[in-house]
Amino acid sequence: PANTPAPTQLVVQPLIKGHGKPVQPTDTITAVYQTVLWSNGSVIEDTYGKEPETASLSSLVPAWQEGLKDQPVGSRVMIIAPPDKAYPEDPGATSPNPARGQTVVYVIDVLYATASQ
């Protein structure tokens, strides 16, 4: 989509609708995902074929918090995130992030969600 303007609002597009319980904002989720830069299509993160990652939804980037809320477990969701929802500026960040300030596309398979204690 290099010659297509990036969306300025968060886009959430379910690709596969799962049959599990809806993800709640306080859940801990386990997922595999791929992150792609909108500007040039380069893959900057890919956990498919690797160990799934688990984290509290509330600790993740705003795009995931908003885009995965109420999605059923077992779903594959595409989220197109403008920079403020993807990787907001973090003045305390010590490692460079190739996606900082860019629109990114996430494809996320939600494998599990458990209520946080």
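The values are calculated or read from the model by the stated rules, or taken from the named source; none is laboratory data. For clarity, every value in this text was computed on a predicted model and none was experimentally measured. Every residue, glycine as well, gets a Cβ built from its backbone with ideal geometry; the counts of neighbours run over all protein chains shown. Just so you know, the surface numbers come from the protein's heavy atoms only, side chains and all, with ligands and any DNA or RNA stripped out. Shrake-Rupley method; radii C 1.70, N 1.55, O 1.52, S 1.80 Å.
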At 222 nm, what value in deg cm²/dmol follows for the chain if DSSP H runs of at least 4 each add -39500 (n - 2.57) and the sum is divided by all its residues, to the nearest 500? -2000 deg cm²/dmol
I'd like the accessible area for Leu15: 1.4 Å probe, protein heavy atoms, all chains in place, Å² to the nearest 10. 90
Which residue, chosen from Gln9, Tyr48, His19, occupies the Cα position most advanced towards the positive end of the dipole of the chain, where the dipole is computed from +1 (Lys, Arg) and -1 (Asp, Glu) charges on Cβ about the Cα centre? His19
Value in Å of the Kirkwood radius, where the chain supplies the Cα pairs that are averaged: 14.5
Diffing region 55-67: the Karplus 3J(HN,Hα) column from phi (6.51, -1.76, 1.60, θ = phi - 60°), in whole Hz with x for Gly and Pro, holds 7, 5, 4, 5, 8, 8, 4, x, 4, 6, 4, 7, x
For Leu10 and Glu66, compute 0.36 nm times the residue count separating them, minus their Cα-Cα distance, and round to one decimal in nm. 19.3 nm
Whose amide H sits under 5 Å from the amide H of Glu45, counting only residues 5 or more places off or on another chain, with H placed in the peptide plane? Thr35
Phi-based couplings in Hz for region 19-36 (Karplus 6.51, -1.76, 1.60; Gly and Pro marked x): 10, x, 6, x, 5, 9, x, 9, 6, 9, 10, 10, 8, 10, 7, 10, 10, 10
